[in-house]
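Below is one structure, written out as C-alpha coordinates; comments come after it.
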Amino acid sequence: MVLPRGIKQVLTKAPTDVVIVSALRTPICRSYKGQLKDAYPEELLSVVLRATLDKNPQLDPAAIDDVAVGVVLNELGGSKAARMAMNHVGFPSTTSLYTTNRACASSLQSITLIAAQIQNEMIDVGIGAGMESMTRNYGTRAIPVDYWPALKESPVKDARDCVMSMGITSENVAERYNVSRADQDAMAVESHFRANRARENGWFDAEIVPVTTRFQEVNKAGEKVGEEQTITVTKDDGIRAGVSLEALSKLKPAFKADGRSTAGNSSQVSDGAAATLLMRRSTATKLGLTDSIMGKFVGSAVAGCKPDEMGIGPAIAIPKILNQLGLEKSDVHRWEINEAFASQALYCVRNLGLEKAMLEGKVNPDGGAIALGHPLGATGARMVATLMHGLQRSNGEVGVVSMCIGTGMGMAGVFVRE
(Lines give C-alpha, C1' and ligand atoms only; values in the text may rest on other atoms or scores of the structure.)
Protein backbone atom coordinates (compact mmCIF):
# COMPACT_ATOMS: atom_id res chain seq x y z
CA MET A 1 0.00 0.00 0.00
CA VAL A 2 1.20 3.51 -0.86
CA LEU A 3 1.10 5.87 2.12
CA PRO A 4 -0.59 9.25 1.73
CA ARG A 5 1.82 12.17 1.44
CA GLY A 6 1.07 15.60 2.82
CA ILE A 7 -1.75 16.92 4.95
CA LYS A 8 -4.22 17.13 2.05
CA GLN A 9 -3.86 13.44 1.19
CA VAL A 10 -3.84 12.44 4.85
CA LEU A 11 -7.20 14.16 5.38
CA THR A 12 -8.76 12.90 2.13
CA LYS A 13 -11.31 10.11 2.55
CA ALA A 14 -11.09 6.97 0.43
CA PRO A 15 -13.03 3.66 0.35
CA THR A 16 -9.80 1.84 1.23
CA ASP A 17 -9.19 3.81 4.45
CA VAL A 18 -8.85 1.85 7.68
CA VAL A 19 -11.45 3.53 9.87
CA ILE A 20 -11.97 3.41 13.62
CA VAL A 21 -15.56 2.61 14.59
CA SER A 22 -15.07 2.46 18.35
CA ALA A 23 -12.23 2.96 20.85
CA LEU A 24 -12.95 1.87 24.40
CA ARG A 25 -11.08 1.07 27.58
CA THR A 26 -11.60 -0.03 31.14
CA PRO A 27 -10.73 2.31 33.98
CA ILE A 28 -6.98 2.19 34.65
CA CYS A 29 -6.35 1.30 38.28
CA ARG A 30 -3.37 1.00 40.56
CA SER A 31 -1.82 -2.43 40.82
CA TYR A 32 -1.85 -4.13 44.24
CA LYS A 33 -3.99 -1.39 45.83
CA GLY A 34 -6.48 -0.33 43.19
CA GLN A 35 -10.02 -1.40 42.48
CA LEU A 36 -9.05 -3.83 39.70
CA LYS A 37 -6.31 -5.62 41.65
CA ASP A 38 -8.35 -8.80 41.97
CA ALA A 39 -9.44 -8.89 38.31
CA TYR A 40 -7.72 -11.10 35.74
CA PRO A 41 -6.28 -9.49 32.61
CA GLU A 42 -8.43 -11.65 30.34
CA GLU A 43 -11.43 -10.68 32.46
CA LEU A 44 -10.70 -7.03 31.70
CA LEU A 45 -10.22 -7.89 28.03
CA SER A 46 -13.60 -9.63 27.98
CA VAL A 47 -15.26 -6.47 29.27
CA VAL A 48 -13.93 -4.23 26.49
CA LEU A 49 -14.58 -6.86 23.81
CA ARG A 50 -18.18 -7.28 24.93
CA ALA A 51 -18.58 -3.51 25.12
CA THR A 52 -17.30 -3.21 21.56
CA LEU A 53 -20.11 -5.52 20.40
CA ASP A 54 -22.70 -3.71 22.52
CA LYS A 55 -21.67 -0.33 21.15
CA ASN A 56 -22.22 -1.61 17.62
CA PRO A 57 -25.36 -3.78 17.87
CA GLN A 58 -25.89 -3.79 14.11
CA LEU A 59 -22.50 -5.47 13.64
CA ASP A 60 -22.73 -9.27 13.51
CA PRO A 61 -19.89 -10.64 15.69
CA ALA A 62 -19.19 -13.14 12.94
CA ALA A 63 -18.17 -10.23 10.69
CA ILE A 64 -15.13 -9.60 12.92
CA ASP A 65 -12.41 -11.60 11.22
CA ASP A 66 -9.49 -11.30 13.63
CA VAL A 67 -8.56 -9.89 17.04
CA ALA A 68 -5.03 -8.88 17.99
CA VAL A 69 -4.28 -8.43 21.70
CA GLY A 70 -1.22 -6.64 23.00
CA VAL A 71 0.05 -8.18 26.24
CA VAL A 72 3.44 -8.23 27.92
CA LEU A 73 3.40 -10.24 31.13
CA ASN A 74 0.81 -13.02 30.79
CA GLU A 75 1.66 -16.70 30.96
CA LEU A 76 2.03 -18.24 27.46
CA GLY A 77 1.83 -14.77 25.99
CA GLY A 78 -1.81 -14.56 27.02
CA SER A 79 -3.00 -16.21 23.81
CA LYS A 80 -5.08 -19.02 25.29
CA ALA A 81 -6.68 -16.94 28.04
CA ALA A 82 -7.44 -14.14 25.58
CA ARG A 83 -9.05 -16.54 23.10
CA MET A 84 -11.15 -18.03 25.91
CA ALA A 85 -12.25 -14.56 27.01
CA MET A 86 -13.21 -13.61 23.45
CA ASN A 87 -15.37 -16.72 23.00
CA HIS A 88 -16.81 -16.30 26.50
CA VAL A 89 -18.43 -12.95 25.66
CA GLY A 90 -20.12 -13.87 22.41
CA PHE A 91 -17.59 -14.00 19.61
CA PRO A 92 -17.93 -17.06 17.38
CA SER A 93 -15.12 -19.58 16.96
CA THR A 94 -14.76 -18.37 13.37
CA THR A 95 -13.23 -15.14 14.71
CA SER A 96 -9.52 -15.74 15.13
CA LEU A 97 -7.19 -14.22 17.72
CA TYR A 98 -3.51 -13.75 18.36
CA THR A 99 -1.41 -11.84 20.87
CA THR A 100 1.54 -9.55 20.28
CA ASN A 101 4.30 -8.28 22.55
CA ARG A 102 6.23 -5.13 21.71
CA ALA A 103 6.54 -4.22 25.38
CA CYS A 104 4.97 -0.82 26.11
CA ALA A 105 3.81 -0.42 22.49
CA SER A 106 2.09 -3.81 22.34
CA SER A 107 -1.45 -2.62 21.74
CA LEU A 108 -0.41 0.15 19.34
CA GLN A 109 1.32 -2.70 17.54
CA SER A 110 -1.88 -4.77 17.64
CA ILE A 111 -3.83 -1.87 16.10
CA THR A 112 -1.12 -1.48 13.45
CA LEU A 113 -1.19 -5.17 12.61
CA ILE A 114 -4.97 -5.27 12.26
CA ALA A 115 -4.80 -2.14 10.09
CA ALA A 116 -2.15 -3.78 7.89
CA GLN A 117 -4.29 -6.90 7.51
CA ILE A 118 -7.20 -4.72 6.38
CA GLN A 119 -5.01 -2.67 4.02
CA ASN A 120 -3.69 -5.87 2.44
CA GLU A 121 -7.21 -7.35 2.12
CA MET A 122 -6.41 -10.24 4.42
CA ILE A 123 -9.43 -9.28 6.53
CA ASP A 124 -12.28 -6.75 6.39
CA VAL A 125 -12.94 -6.14 10.10
CA GLY A 126 -10.71 -6.55 13.14
CA ILE A 127 -10.03 -5.42 16.69
CA GLY A 128 -6.71 -4.16 18.00
CA ALA A 129 -6.74 -4.59 21.77
CA GLY A 130 -4.53 -4.81 24.83
CA MET A 131 -4.70 -6.19 28.35
CA GLU A 132 -2.51 -6.27 31.44
CA SER A 133 -2.72 -7.08 35.11
CA MET A 134 0.54 -5.96 36.61
CA THR A 135 -0.87 -6.94 40.00
CA ARG A 136 -0.86 -10.57 38.95
CA ASN A 137 2.10 -10.73 36.61
CA TYR A 138 4.75 -8.17 37.55
CA GLY A 139 6.69 -10.42 39.92
CA THR A 140 9.97 -10.27 37.95
CA ARG A 141 9.58 -6.55 37.17
CA ALA A 142 9.36 -7.55 33.49
CA ILE A 143 12.96 -8.79 33.50
CA PRO A 144 13.53 -12.41 32.36
CA VAL A 145 15.05 -14.80 34.87
CA ASP A 146 15.66 -17.87 32.68
CA TYR A 147 17.52 -17.06 29.48
CA TRP A 148 20.73 -18.00 27.69
CA PRO A 149 23.57 -17.35 30.19
CA ALA A 150 25.94 -16.23 27.43
CA LEU A 151 23.84 -13.10 26.99
CA LYS A 152 24.47 -12.03 30.56
CA GLU A 153 28.18 -11.88 29.79
CA SER A 154 27.87 -10.71 26.20
CA PRO A 155 30.78 -8.52 24.99
CA VAL A 156 28.15 -6.36 23.31
CA LYS A 157 26.98 -3.71 25.78
CA ASP A 158 23.69 -3.12 23.96
CA ALA A 159 22.87 -6.82 24.36
CA ARG A 160 23.52 -6.74 28.10
CA ASP A 161 21.59 -3.49 28.47
CA CYS A 162 18.37 -5.01 27.13
CA VAL A 163 17.65 -6.26 30.66
CA MET A 164 18.65 -3.03 32.38
CA SER A 165 16.10 -1.78 34.88
CA MET A 166 13.75 0.72 33.25
CA GLY A 167 14.36 3.03 36.19
CA ILE A 168 18.08 3.12 35.48
CA THR A 169 17.40 3.94 31.83
CA SER A 170 15.32 6.86 33.11
CA GLU A 171 18.24 8.06 35.22
CA ASN A 172 20.53 7.79 32.20
CA VAL A 173 18.23 10.03 30.16
CA ALA A 174 18.00 12.56 32.99
CA GLU A 175 21.77 12.70 33.40
CA ARG A 176 22.76 12.68 29.72
CA TYR A 177 20.21 15.25 28.61
CA ASN A 178 20.08 17.45 31.72
CA VAL A 179 16.52 16.84 32.84
CA SER A 180 16.36 18.11 36.41
CA ARG A 181 14.48 16.60 39.34
CA ALA A 182 12.49 19.81 39.73
CA ASP A 183 11.35 19.76 36.10
CA GLN A 184 10.36 16.10 36.39
CA ASP A 185 8.32 16.79 39.52
CA ALA A 186 6.65 19.75 37.83
CA MET A 187 5.63 17.56 34.90
CA ALA A 188 4.16 15.02 37.31
CA VAL A 189 2.10 17.67 39.09
CA GLU A 190 0.75 18.90 35.75
CA SER A 191 -0.09 15.35 34.66
CA HIS A 192 -2.20 14.79 37.78
CA PHE A 193 -3.83 18.21 37.46
CA ARG A 194 -4.86 17.60 33.86
CA ALA A 195 -6.03 14.04 34.49
CA ASN A 196 -8.06 15.08 37.52
CA ARG A 197 -9.65 17.92 35.55
CA ALA A 198 -10.62 15.47 32.82
CA ARG A 199 -12.00 12.96 35.32
CA GLU A 200 -14.01 15.59 37.21
CA ASN A 201 -15.44 17.04 33.99
CA GLY A 202 -16.45 13.62 32.71
CA TRP A 203 -14.14 13.84 29.70
CA PHE A 204 -13.08 10.20 30.06
CA ASP A 205 -16.62 8.86 30.44
CA ALA A 206 -17.24 8.17 26.74
CA GLU A 207 -14.11 6.03 26.45
CA ILE A 208 -14.46 4.13 29.73
CA VAL A 209 -16.39 0.88 30.08
CA PRO A 210 -17.47 0.08 33.67
CA VAL A 211 -16.07 -3.14 35.12
CA THR A 212 -18.02 -5.20 37.63
CA THR A 213 -15.62 -7.47 39.48
CA ARG A 214 -14.46 -8.78 42.85
CA PHE A 215 -12.57 -6.71 45.39
CA GLN A 216 -10.97 -7.91 48.59
CA GLU A 217 -9.69 -5.21 50.91
CA VAL A 218 -6.32 -5.97 52.53
CA ASN A 219 -4.19 -4.21 55.12
CA LYS A 220 -0.56 -3.13 54.71
CA ALA A 221 0.59 -6.65 55.61
CA GLY A 222 -1.53 -8.09 52.81
CA GLU A 223 -4.03 -9.67 55.19
CA LYS A 224 -7.69 -9.75 54.25
CA VAL A 225 -9.96 -7.18 55.84
CA GLY A 226 -13.66 -8.03 55.84
CA GLU A 227 -15.51 -10.00 53.20
CA GLU A 228 -14.92 -9.99 49.47
CA GLN A 229 -17.15 -7.48 47.72
CA THR A 230 -18.63 -7.13 44.25
CA ILE A 231 -17.91 -3.64 42.96
CA THR A 232 -18.43 -1.71 39.73
CA VAL A 233 -15.44 0.41 38.75
CA THR A 234 -16.15 3.44 36.57
CA LYS A 235 -13.20 5.79 37.14
CA ASP A 236 -9.41 5.72 36.95
CA ASP A 237 -8.16 5.46 40.53
CA GLY A 238 -4.48 6.43 40.29
CA ILE A 239 -5.07 10.14 39.79
CA ARG A 240 -4.05 12.20 42.82
CA ALA A 241 -6.20 15.30 43.06
CA GLY A 242 -4.35 18.22 44.59
CA VAL A 243 -0.88 16.66 44.56
CA SER A 244 1.70 19.40 45.13
CA LEU A 245 5.22 20.09 43.98
CA GLU A 246 6.22 20.32 47.64
CA ALA A 247 4.91 16.83 48.36
CA LEU A 248 6.62 15.29 45.33
CA SER A 249 9.92 17.00 46.13
CA LYS A 250 10.06 15.10 49.44
CA LEU A 251 10.01 11.67 47.79
CA LYS A 252 13.25 9.71 47.76
CA PRO A 253 14.82 8.58 44.47
CA ALA A 254 13.45 5.17 43.51
CA PHE A 255 16.26 3.65 41.47
CA LYS A 256 19.59 5.05 42.70
CA ALA A 257 20.57 6.95 45.82
CA ASP A 258 21.42 10.19 44.04
CA GLY A 259 18.87 9.77 41.26
CA ARG A 260 16.14 12.06 39.98
CA SER A 261 13.36 9.56 39.19
CA THR A 262 10.90 8.82 41.99
CA ALA A 263 7.64 6.97 42.45
CA GLY A 264 5.96 10.33 42.03
CA ASN A 265 7.44 11.33 38.69
CA SER A 266 7.35 7.87 37.08
CA SER A 267 4.40 6.03 35.56
CA GLN A 268 2.24 3.96 37.85
CA VAL A 269 2.15 0.17 37.82
CA SER A 270 -1.41 -0.48 36.69
CA ASP A 271 -4.16 -2.86 35.56
CA GLY A 272 -6.48 -2.33 32.60
CA ALA A 273 -7.57 -3.23 29.06
CA ALA A 274 -8.60 -1.43 25.87
CA ALA A 275 -9.97 -2.28 22.42
CA THR A 276 -10.22 -0.50 19.06
CA LEU A 277 -12.61 -1.66 16.32
CA LEU A 278 -11.25 -1.15 12.81
CA MET A 279 -12.53 -1.89 9.32
CA ARG A 280 -12.21 -0.78 5.73
CA ARG A 281 -14.30 2.32 5.00
CA SER A 282 -16.14 0.52 2.21
CA THR A 283 -16.99 -2.24 4.69
CA ALA A 284 -18.35 0.28 7.18
CA THR A 285 -20.56 1.71 4.42
CA LYS A 286 -21.76 -1.75 3.43
CA LEU A 287 -22.60 -2.61 7.05
CA GLY A 288 -24.42 0.69 7.69
CA LEU A 289 -21.80 1.90 10.17
CA THR A 290 -20.78 5.13 8.43
CA ASP A 291 -22.28 7.28 11.20
CA SER A 292 -20.22 5.40 13.78
CA ILE A 293 -16.86 6.22 12.19
CA MET A 294 -14.68 8.17 14.64
CA GLY A 295 -11.72 8.60 12.37
CA LYS A 296 -9.03 6.60 10.66
CA PHE A 297 -5.64 4.99 11.17
CA VAL A 298 -3.10 6.63 8.85
CA GLY A 299 0.19 4.92 9.63
CA SER A 300 2.78 4.03 12.24
CA ALA A 301 6.51 3.59 12.55
CA VAL A 302 8.99 1.96 14.91
CA ALA A 303 12.55 3.14 15.44
CA GLY A 304 15.42 1.71 17.45
CA CYS A 305 17.75 3.40 19.93
CA LYS A 306 20.27 2.35 22.56
CA PRO A 307 18.69 0.09 25.20
CA ASP A 308 20.25 2.04 28.08
CA GLU A 309 18.32 5.18 27.07
CA MET A 310 15.22 3.53 25.68
CA GLY A 311 13.08 6.48 26.84
CA ILE A 312 14.20 8.68 23.95
CA GLY A 313 12.35 6.40 21.52
CA PRO A 314 9.44 8.77 20.74
CA ALA A 315 11.89 11.51 19.73
CA ILE A 316 13.10 9.16 16.97
CA ALA A 317 9.84 7.42 16.00
CA ILE A 318 7.70 10.57 15.70
CA PRO A 319 9.92 12.31 13.10
CA LYS A 320 10.13 9.01 11.22
CA ILE A 321 6.36 8.63 10.76
CA LEU A 322 5.82 12.33 10.09
CA ASN A 323 8.48 12.19 7.38
CA GLN A 324 6.95 9.06 5.85
CA LEU A 325 3.59 10.83 5.64
CA GLY A 326 4.96 14.20 4.57
CA LEU A 327 3.53 15.91 7.64
CA GLU A 328 4.80 18.83 9.69
CA LYS A 329 4.50 19.09 13.44
CA SER A 330 2.19 22.05 12.87
CA ASP A 331 -0.27 19.67 11.16
CA VAL A 332 -0.82 17.80 14.44
CA HIS A 333 -3.56 19.02 16.77
CA ARG A 334 -3.06 16.61 19.68
CA TRP A 335 -0.11 14.60 20.91
CA GLU A 336 -0.32 11.64 23.30
CA ILE A 337 3.24 10.88 24.41
CA ASN A 338 3.46 8.17 27.04
CA GLU A 339 4.88 9.31 30.35
CA ALA A 340 6.83 6.18 31.24
CA PHE A 341 9.06 8.53 33.22
CA ALA A 342 8.98 12.31 33.42
CA SER A 343 12.67 12.30 32.47
CA GLN A 344 12.13 10.74 29.05
CA ALA A 345 8.77 12.40 28.36
CA LEU A 346 10.29 15.82 29.02
CA TYR A 347 13.35 15.03 26.91
CA CYS A 348 11.13 14.00 24.00
CA VAL A 349 8.95 17.11 24.27
CA ARG A 350 12.04 19.30 24.27
CA ASN A 351 13.85 17.42 21.51
CA LEU A 352 10.76 17.57 19.29
CA GLY A 353 10.29 21.28 19.93
CA LEU A 354 6.89 20.77 21.55
CA GLU A 355 7.34 22.89 24.68
CA LYS A 356 4.91 25.54 23.39
CA ALA A 357 2.41 22.86 22.38
CA MET A 358 2.73 21.38 25.88
CA LEU A 359 1.95 24.73 27.49
CA GLU A 360 -1.00 25.19 25.14
CA GLY A 361 -2.46 21.85 26.21
CA LYS A 362 -1.81 20.02 22.94
CA VAL A 363 0.54 17.45 24.49
CA ASN A 364 -1.15 15.06 26.94
CA PRO A 365 -3.97 17.55 27.55
CA ASP A 366 -5.76 15.07 29.84
CA GLY A 367 -2.68 13.88 31.65
CA GLY A 368 -0.52 10.87 30.97
CA ALA A 369 0.76 7.67 32.51
CA ILE A 370 2.24 9.40 35.56
CA ALA A 371 -1.33 10.14 36.65
CA LEU A 372 -3.39 7.60 34.73
CA GLY A 373 -1.08 4.60 34.94
CA HIS A 374 0.70 2.35 32.47
CA PRO A 375 -0.75 -1.17 32.11
CA LEU A 376 1.96 -2.24 29.69
CA GLY A 377 0.07 -4.27 27.10
CA ALA A 378 -2.99 -2.02 27.16
CA THR A 379 -1.37 1.41 27.10
CA GLY A 380 -1.24 1.92 23.33
CA ALA A 381 -4.93 1.19 22.80
CA ARG A 382 -5.78 3.24 25.89
CA MET A 383 -3.92 6.18 24.42
CA VAL A 384 -5.72 5.78 21.08
CA ALA A 385 -9.07 5.84 22.89
CA THR A 386 -8.08 8.98 24.78
CA LEU A 387 -6.78 10.57 21.58
CA MET A 388 -9.83 9.87 19.44
CA HIS A 389 -12.37 10.98 22.05
CA GLY A 390 -10.23 14.01 22.87
CA LEU A 391 -10.04 15.07 19.22
CA GLN A 392 -13.82 14.80 19.03
CA ARG A 393 -14.23 17.17 21.98
CA SER A 394 -11.75 19.72 20.65
CA ASN A 395 -12.65 19.39 16.95
CA GLY A 396 -9.02 18.62 16.20
CA GLU A 397 -8.22 16.50 13.16
CA VAL A 398 -4.74 14.97 13.30
CA GLY A 399 -3.36 13.21 16.35
CA VAL A 400 -0.21 11.30 17.25
CA VAL A 401 0.26 8.51 19.79
CA SER A 402 3.81 7.58 20.79
CA MET A 403 5.70 5.72 23.48
CA CYS A 404 9.15 4.45 24.36
CA ILE A 405 9.75 0.71 24.40
CA GLY A 406 11.93 -1.34 26.71
CA THR A 407 15.12 -2.78 25.09
CA GLY A 408 15.51 0.44 23.10
CA MET A 409 12.77 1.46 20.69
CA GLY A 410 10.07 4.01 20.11
CA MET A 411 6.77 3.71 18.24
CA ALA A 412 4.44 6.37 16.91
CA GLY A 413 1.08 6.24 15.14
CA VAL A 414 -0.86 8.91 13.27
CA PHE A 415 -4.66 9.08 13.40
CA VAL A 416 -7.29 11.40 11.92
CA ARG A 417 -10.63 12.32 13.48
CA GLU A 418 -13.74 12.66 11.34
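Note on the chain: dipole from Cβ charges, positive end direction compared against Q117, V89, A62; the farthest Cα belongs to Q117. The relative contact order of the chain comes to 29 percent, based on Cα pairs under 8 Å that sit 6 or more residues apart. Among beta bridges identified by DSSP and lying wholly in the chain, the antiparallel ones come to about 75 percent. Annotation: peptides 177-187, 131-141, ranked by per-residue average of other Cβ atoms within 10 Å with the highest first, follow the order 131-141, 177-187. Taking the inverse of the average 1/r across all pairs of different Cα atoms in the range 337-388, what Kirkwood radius in Å do you get? Result for the range 337-388 stands at 11.4 Å.
Over the chain, DSSP H runs of length four or greater, each weighted -39,500 (n - 2.57), average out per residue to a 222 nm ellipticity of -10000 deg cm²/dmol.
Could you tell me which label, among [x] 0.95; [y] 1.02; [z] 0.99, carries the value of Rg/Rh (Cα atoms, Kirkwood Rh) calculated for this structure? Here the calculated entry is [x]. Protection proxy ranking, highest mean first, for peptides 338-345, 240-247, 197-204: 338-345, 197-204, 240-247, where packing is the per-residue count of other beta-carbon atoms within 10 Å, averaged. Less than 5 angstrom separates the built amide H of S270 from those of S31, M134, H374, L376, all sequence-distant by 5 or more or on a different chain.
This model, with +1 at the C-beta of Lys and Arg and -1 at the C-beta of Asp and Glu, gives the range 110-266 a dipole about its Cα centre of some 560 debye. Measuring between their Cα centroids, the range 260-292 and the range 336-394 lie 14 Å from each other. Within the accessible area of the range 237-327, the carbon and sulfur atoms contribute 53%, probe 1.4 Å, all protein chains present. Pairs exceeding a 27 Å alpha-carbon distance, out of K252/K329; K224/K256; K256/K306: K252/K329; K224/K256.
Taking all protein chains into account, the per residue accessible area for the range 273-418 stands at 26 Å² (1.4 Å probe). Rounded, prolate or oblate for the range 226-380? Axes are the square roots of the Cα gyration tensor eigenvalues, ordered a ≥ b ≥ c, and the cut-off for rounded is a/c under 1.5. Oblate shape, in that a/c is at least 1.5 and b/c is the bigger or equal ratio. Take R393: with every protein chain present and a 1.4 Å probe, its accessible area is about 100 Å².
In a reduced charge model with +1 at each Lys and Arg Cβ and -1 at each Asp and Glu Cβ, the chain shows a dipole moment near 480 debye about its Cα centre. Within the assembled protein chains, the solvent-accessible surface assigned to R350 is about 90 Å², based on a 1.4 Å probe. Cross-link reach is defined here as a Cα-Cα straight distance under 17 Å, omitting same-chain residues fewer than 8 places apart; for K286 the aspartates and glutamates meeting it are D17, D60, D65, E121, D124.
The values are calculated or read from the model by the stated rules, or taken from the named source; none is laboratory data. Nothing here was measured: the structure is a model prediction, and the numbers come from that model. Cβ atoms come from the backbone with ideal geometry, glycine included; neighbour counts cover every protein chain shown. Ligands, DNA and RNA are excluded from the accessible area calculation, which covers all protein heavy atoms including side chains. Shrake-Rupley method; radii C 1.70, N 1.55, O 1.52, S 1.80 Å.
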